Amino acid sequence: MNKWILISLLLMSWMPTQKIDLVQDNAKFADKQMRFMLQQLDGSKDSFPHSIYPEGKLKLVDIYGWTSGFFPGSLWLTYELNKKDTFLLREAKEWTKKLEPIKDLTSNHDIGFMMYCSYGNAYRITKNEAYKNILIQAANSLCTRFNPKVGCIKSWDNAYTIGKKVYYQYPVIMDNMMNLELLCFASKVTHNPKYKEIAISHADKTLENNIRSDYSSFHVVNYDSLTGKPLFKVTHQGYANNSTWARGEAWGIYGFTMMYRETKQQRYLDAACNMANYFLNNKNLPKDKIPYWDFNISLLGYTPPIHYDTSKVSLFKRDASSAAVVCSALFELYGFTKQEHYYKDAVAILQSLSSPKYRNNEGKNGFLLNHSVGNFPGGYDIDVPLCYADYYFLEALNRYQQLNKKG
Ligand code: GLY
């Protein structure tokens, strides 16, 4: 047999095994870590894993913490990855149920994260109508934060810029793109277009005001709620007001890909591709494709609004959570564009996250991934596991598996 045919045959037989191994190995690992986490949580009635404290103790949030939906969501995704294990199903249902009161939350925009990652997966997997009705109520609560004059959902109430310098009148942050999926869902199941109209208006304003011409992004745009005009653009969790916070960019890539799925509007696909290209082709993205928490750390022309004592703190920390969000989004973006490089980059990120450098040790604290940054300027959740990194890692694995099932 010709040498090249033999090599090709060997490669062909090796590649699918690689795919299966990456998914199966992580599925088994996630199953063990979820069970370990559940053991640790036994007795903590309404406390959801968020991260760990520097001394290694679990950091928990109650149902009102913005990250409360990720652990129930991770249970659903691990259940799905592990060929539907009944123990995980029972736990997923129980942890989801705890969040029911959140359906009436109107005090911030995070209800989309909290409810769609938990109840959204619950409904997608079980088709139980009770989950659907709770999600519709959650969408109604989110809509109360929409101001037609601004054209956006308000992210936070009573908040100030970094260092408590200036009050935000009507802040709209990149992260808010993620909450629009709940609204698109509500329109689909109620046949009432109002939810999706709000989502479209919000996405268009984000495109107009949070995204720069090179498709990098401002974290926060503060609007005048009376005129609807942007007052100023700053960062809250990034390095500098004119820098690009890695997770903000990640939320944008994911959010615009999702908005394209829901509306088929070309402008959203273009935005998603251009933001993905900014992220993936960035000269400050390390070779393993796991970004630092900001793309412009310590660069000339980028001045942080607060002082960092760099003799005490290294600014160069990776953020696995941004990588996990982008990885999941890229699998979907590949499905829409059929551009191979998005698929290859998603697999490369998945491989990096699955390597010992980022993947946690089995039996350690119950989280899946290390090395994420929650809020560097805020001085917390720096270089730690984070429940949302785990959630999007699991979602990426599920999407990778689905894509390979379809051939
Ligand atoms: N507010 C969501 C985040 O920290 O990314």
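The values are calculated or read from the model by the stated rules, or taken from the named source; none is laboratory data. No experiment lies behind these values; they were computed from the predicted model shown. Because the Cβ atoms are built from the backbone with ideal geometry, glycine has one as well, and the counts that use them run over all protein chains shown.
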Within segment 368-378, considering residues that are under 16 Å from the mean Cα position of the chain (by Cα) and not small (G, A, S), the one nearest to the ligand (Cβ to nearest atom)
N375
So N133 clears everything in (1) over 30 Å from N361 (Cβ atoms); (2) touching a residue at least 12 places away in the same chain (Cβ under 8 Å); (3) not β-branched (V, I, T) except one condition, right? Which one?
(2)
Log entry, pairs with first residue in segment 245-265 being away from the ligand (no atom under 12 Å from the Cβ), second being in a helix (DSSP H, G or I) and among the hydroxyl-bearing types (S, T, Y), beta carbons closer than 7 Å, six or more apart or on different chains, reads F256/Y268; M259/Y268; Y260/Y268
Sort out which residues of segment 231-248 are in contact with a Gly (Cβ under 6 Å, 6 or more places away or on another chain) and either assigned to a loop (DSSP other than H, G, I, E, B) or polar (S, T, N, Q) (or both), and write them in order of number.
none
Scan segment 379-396 and give yes if some residue there is of a type outside the set (D, E, K, R), more than 23 Å from K59 (Cα to Cα) and either in contact with a helix residue (DSSP H, G or I) (Cβ under 6 Å, 6 or more places away or on another chain) or within 16 Å of the ligand (Cβ to nearest atom) (or both), otherwise no.
yes
Suppose we keep only residues that are surrounded by 24 or more Cβ atoms within 10 Å (Cβ to Cβ) and under 19 Å from L75 (Cα atoms) within segment 92-110. Which one would you say is farthest from the ligand (Cβ to nearest atom)?
A92
Do the conditions hold for F279, that is, is it under 21 Å from the mean Cα position of the chain (by Cα) and under 23 Å from D383 (Cα atoms)?
yes
Given (1) within 21 Å of the chain's Cα centre (by Cα); (2) surrounded by fewer than 19 Cβ atoms within 10 Å (Cβ to Cβ), identify the lone condition not met by N140.
(1)
Please state which one of Q24, Q39 is among the polar types (S, T, N, Q), over 22 Å from L350 (Cβ atoms) and part of a helix (DSSP H, G or I).
Q39
Residue identified as out of contact with any helix residue (DSSP H, G or I) (no Cβ under 7 Å at 6 or more places or on another chain) and under 28 Å from V220 (Cβ atoms) among K127, K149
K149
For L300, are the conditions met, namely being buried (at least 17 other Cβ atoms within 10 Å of the Cβ), free of Cβ contacts under 8 Å to residues at least 12 places away in the same chain and under 26 Å from I162 (Cβ atoms)?
no
A324, sole failed condition from (1) within 20 Å of S217 (Cα to Cα); (2) outside any loop (DSSP other than H, G, I, E, B); (3) more than 16 Å from the ligand (Cβ to nearest atom):
(3)
Scan segment 154-163 and give yes if some residue there is under 24 Å from Y391 (Cβ atoms) and buried (at least 24 other Cβ atoms within 10 Å of the Cβ), otherwise no.
no
Within the group Y64, Y79, which residue is in a helix (DSSP H, G or I) and modelled with pLDDT of 95 or more?
Y79
Checking L333 against (1) within 17 Å of I349 (Cβ to Cβ); (2) in contact with a Phe, Trp or Tyr (Cβ under 6 Å, 6 or more places away or on another chain); (3) within 16 Å of the ligand (Cβ to nearest atom), which test does it fail?
(3)
Give the residues of segment 160-203 that are small (G, A, S) and at pLDDT 95 or above, sorted by residue number.
A186, S187, A199, S201, A203
Is one or more of the residues making up segment 267-281 without any contact (Cβ under 8 Å) to a residue 12 or more places away in the chain and not in a loop (DSSP other than H, G, I, E, B)?
yes
Long-range neighbours under 7 Å by Cβ, at least six apart or interchain, first residue surrounded by 13 or more Cβ atoms within 10 Å (Cβ to Cβ) within segment 344-366, second part of a loop (DSSP other than H, G, I, E, B) and charged (D, E, K, R):
D345/K289; A348/K289; I349/K289; S352/D288; S352/K289
